[in-house]
Amino acid sequence: MSENLLLDATHVAYSYRGIPAVRDVSLTVSPREVVAIVGPNGAGKTTLAKMLSGVLPPAEGDIRIDGRSIAGMRPSKVPALGVGIVLEGRHVFPGQSVLVNLELGAFARKLKGAALASEIQRIFGIFPDLERCADKPAGSLSGGQQQMLAIGRSLMGAPRILILDEPSMGLSPKLASEVYAALASLRDSGLAILLIEQNARLALEFCTRGYVLQYGRIVLEGPVADLREADLVRKIYLGSEAVAA
Ligand code: ATP
């Protein structure tokens, strides 16, 4: 059954100094699918995102990209399988220009000259704001622009699946919706997306299927229409709206 799955995580677990953060999580993403993982603070979302993108080795279970296990693989090798990760906190190189940040995203592809320039133009097409500040140091950009740059840099690696950890975190509702508008164009172009969000309202509007994580476990999963009706999710909605207000 793992044929045709882009991402297939089975029974993954991770503990910090013996304290479980993620327990027995299994989830899948098919090509072109847009899947949400929602859950409150401390539910284990970031730990799971790091495992799924190869940054953190699971203590138990297995993660397969296109049927190939990433167990034992160096984190730097995982993007070559087609996994793009945008970790929580908008990781950019603050002292480097926007352009250099984007170029670094394509480092493993060894793109040069016209091919590199055309990839950068593709990203500028998705995030026109980045073109306007191409020569500015990334650290001088607004929070929303830095998030766009972090996403753009990840796209420079030509992923087939983009894993995003809390892309709306710390952004005003207006900036969050700008970031989500760009993500929608990627979704509509057929890129598979795994969206990890505390803001369940945003994530469940954006995706077609989702998982709810609580205390490190998946407690609910299914089409977003079903999840939106679940009492547990309604509580999370209220939580995230209170945070956004
Ligand atoms: P948040 O939205 O607050 O980032 P989260 O759902 O992403 O939460 P994680 O950051 O994965 O959750 O944390 C899951 C659990 O693991 C929490 O109890 C957290 O305190 C703990 N934890 C996370 N990172 C570490 C660490 N480096 N050392 C020890 N405990 C950690």
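Values computed for the structure shown
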item: Residues of region 21-41 satisfying the condition of being near the ligand (Cβ under 8 Å from one of its atoms), of a type outside the set (A, V, I, L, M, F, W, C) and either open to solvent by less than 30 Å² (accessible area, probe 1.4 Å) or over 22 Å from residue 224 (Cα atoms) (or both); result: 39
item: Subset of region 140-182 that is among the charged types (D, E, K, R) and in contact with a Gly (Cβ under 7 Å, 6 or more places away or on another chain) - its residue that is farthest from residue 50 (Cα to Cα); result: 178
item: Within region 3-73, strands (runs of 3 or more DSSP E) holding 3 or more residues that are more than 22 Å from residue 209 (Cα to Cα) and of a type outside the set (Lys, Arg); result: 7-16, 19-29
item: Answer from 102, 116 - the residue that is at pLDDT 95 or above, away from the ligand (no atom under 16 Å from the Cβ), over 26 Å from residue 209 (Cα atoms) and outside any loop (DSSP other than H, G, I, E, B); result: 102
item: Leading residue by the ranking (surrounded by the most Cβ atoms within 10 Å (Cβ to Cβ)) among those in region 184-226 that are of a type in the set (D, E, K, R) and part of a helix (DSSP H, G or I); result: 187
item: Cβ-Cβ under 9 Å pairs, at least 6 apart or on other chains, region 86-99 side open to solvent by less than 30 Å² (accessible area, probe 1.4 Å), far side more than 16 Å from the ligand (Cβ to nearest atom) and acidic (Asp, Glu); result: 97/135; 98/131; 98/135
item: Count of region 142-183 residues which are more than 13 Å from the chain's Cα centre (by Cα) and in a helix (DSSP H, G or I); result: 13
item: Set 125, 139, 54, 144: member being crowded, with 18+ Cβ neighbours inside 10 Å and within 23 Å of residue 180 (Cα to Cα); result: 144
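The values are calculated or read from the model by the stated rules, or taken from the named source; none is laboratory data. No experiment lies behind these values; they were computed from the predicted model shown. Counting neighbours? That spans all protein chains shown, and the Cβs are built from the backbone with ideal geometry, glycine included. With ligands, DNA and RNA removed, areas are computed over all heavy atoms of the protein, side chains included. Shrake-Rupley method; radii C 1.70, N 1.55, O 1.52, S 1.80 Å.
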